[in-house]
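Input: a single structure, listed below in structure tokens.
The values are calculated or read from the model by the stated rules, or taken from the named source; none is laboratory data. These figures come from a predicted structure and were not determined experimentally. Cβ atoms come from the backbone with ideal geometry, glycine included; neighbour counts cover every protein chain shown. Accessible surface areas use protein heavy atoms only, side chains included; no ligands, DNA or RNA. Shrake-Rupley method; radii C 1.70, N 1.55, O 1.52, S 1.80 Å.
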Amino acid sequence: MASDGARRQFWKRSNSKVPGSIRHVYGAQHPPFDPLSHGTLPQAAPSPPARPRRVSTFQEFESDTSDAWDAGEDDDGLLAMAAAQLHTDVVLETAHRVLRDHRQRQGQRPPAGPEPPATPPPAGDPRLVKSVSESHASCPAESAGAPAPLQRSQSLPQADSAPGPAAEAPSSVVLSEREASRLDKFRQLLAGPNTDLEELRRLSWSGIPRPVRPVTWKLLSGYLPANADRRAATLQRKQEEYFALVEQYYGSRHEEAHQDTYRQIRIDIPRMGPEALVLQPRVTEIFERILFIWAIRHPASGYVQGINDLVTPFFVVFICEHVEEEAVDTADLSRVPEEALRNVEADTYWCMSRLLDGIQDNYTFAQPGIQTKVKMLQELVSRIDEPLHQHLDQHEVRYLQFTFRWMNNLLMRELPLACTVRLWDTYQAEPDGFSHFHLYVCAAFLLRWRTEILAERDFQELLLFLQNLPTARWGDRDMSLLLANAYRLQFAFADAPNHYKR
């Protein structure tokens, strides 16, 4: 049994972000840890250690710390995998194209073998084509004069207001010809009397331009109807319904039955990212209301740590319509009109609720959904990369210790916020993206760090690396490569559930 001093020392190393005596259930840290700035990544051709290093084990780790997961074994059968309709005629060609393009940028030679056809992929499945950098396009700027009374219909872009390639974009942002063309396609599709949701999903898979992202997310989540004439009335009705719930339930937050839930929400919100946004008083109040009302209306799960993180992407995307700053996550919202914030709050609540409807078993008692997904991920990785799987097993690193957070927070604590928004573009477009496709994204994400993982020979160092992956500098290109690899895995395994069985 290690001394109390050793226990405190390792706790301090692995939980340096936790204030006071309150501990993260899942060891979360935001923003993502960047080993480049801490000097923890191995340098090229490192000199061998002077003497062999004793390998620590999981049993020793349990003895040295007080927060090890009681993983348990879930003996239930695996969830049936409902595969989406995959386009086999283009998947291999487009996947090779993305990966070959990535290797060429890194100065590497493409793998030997026959080259895939050079013809462009057929229309209808752009999912493996590298996305453009729409995330750098600007929000529509408000007029310089006093703002006119806000109408909910302002969320809906008009086809005749589509900018040219660079003419109407702010001076700091210049759209390429391809980006402007894609934005124009979105605008024309959204401005029709009845939006073709299948076509909208096809366009959205490789990224959604920022000016049309708010209305696109609302449509893809099922919050807004496809019929354009019904949208304004729907938004108004849902706003009134949400604030009726606030008036009915929010006053009970200090009652004995709900005070523990409200207290935990207030503790968790300051831990969220980005701090510059969530610590603004108006934003804190909005998040408290959203989370408390959701918890009251969903007693089967109530409030669980991890749900709080799912508010931020929706809020940041929807507030984009009402701020001029390009970096919405750090914008000062004190100048945003109260009516606009009410609109954003209601929209955020309903879209987050629809997301959680599909993954609520992640947050019910004992969180069986997460345990099942972690077990499926373990089986998947053991089939894809047995040496990597054996390396983790040899050093007694259990998947639940690091992938629990990946499932609980949908990788939000592992990626910068802009990358999370880009990832959610695809999740919104993919059938069962948050519940099904996320599994393959997690598998591709783990394989991305294969070299670094195999280089580690110590349990504690392995776990610290897996809980603090160096993604702080990730951008659109990294996400495109990750999603392409995830789609290839889904193509190979989604229709073959026997791959999960030994």
Worksheet entry | Top-ranked residue of the range 303-331 - restricted to ones that are assigned to a loop (DSSP other than H, G, I, E, B) and in contact (Cβ under 8 Å) with a residue 60 or more places away in the chain, ranked as farthest from residue 419 (Cα to Cα) | 304
Fill in: Elements of type helices (runs of 4 or more DSSP H) contained in the range 386-462, each with 1 or more residues being within 23 Å of residue 355 (Cβ to Cβ) and touching a residue at least 24 places away in the same chain (Cβ under 8 Å)
399-408, 417-429, 438-448
Worksheet item: Just to be sure, is residue 455 modelled with pLDDT of 95 or more, small (Gly, Ala, Ser) and either open to solvent by less than 50 Å² (accessible area, probe 1.4 Å) or closer than 18 Å to residue 405 by Cα (or both)?
Response: no
Worksheet item: Looking at the range 220-240, which of its residues are within 15 Å of residue 344 (Cα to Cα), without any contact (Cβ under 8 Å) to a residue 40 or more places away in the chain and part of a helix (DSSP H, G or I)?
Response: 234, 237, 240
Worksheet entry | Residue list for the range 458-473, filter: crowded, with 17+ Cβ neighbours inside 10 Å and of a type in the set (A, V, I, L, M, F, W, C) | 459, 462, 463, 464, 465, 466, 469
Practice prompt. Those residues that are within 29 Å of residue 244 (Cβ to Cβ) and either basic (Lys, Arg) or outside any helix (DSSP H, G or I) (or both), I need them from the range 332-347; list them, please.
Written response: 335, 336, 337, 342
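Report yes if residue 202 is surrounded by 15 or more Cβ atoms within 10 Å (Cβ to Cβ), in contact (Cβ under 8 Å) with a residue 40 or more places away in the chain and more than 20 Å from residue 318 (Cα to Cα), otherwise no.
Spelling it out, residue 202 is indeed surrounded by 15 or more Cβ atoms within 10 Å (Cβ to Cβ), in contact (Cβ under 8 Å) with a residue 40 or more places away in the chain and more than 20 Å from residue 318 (Cα to Cα).
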Worksheet entry | Sole residue being under 19 Å from the mean Cα position of the chain (by Cα), of a type in the set (A, V, I, L, M) and surrounded by 24 or more Cβ atoms within 10 Å (Cβ to Cβ), chosen from 400, 377, 415 | 415
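For the range 306-331, which residues satisfy the criterion of being touching a Gly at 6+ places or on another chain (Cβ under 9 Å) and charged (D, E, K, R)?
Just the residues of the range 306-331 that are touching a Gly at 6+ places or on another chain (Cβ under 9 Å), to begin with: 309, 312, 329.
If the condition is that a residue be touching a Gly at 6+ places or on another chain (Cβ under 9 Å) and charged (D, E, K, R), then 309, 329 are the ones that fit.
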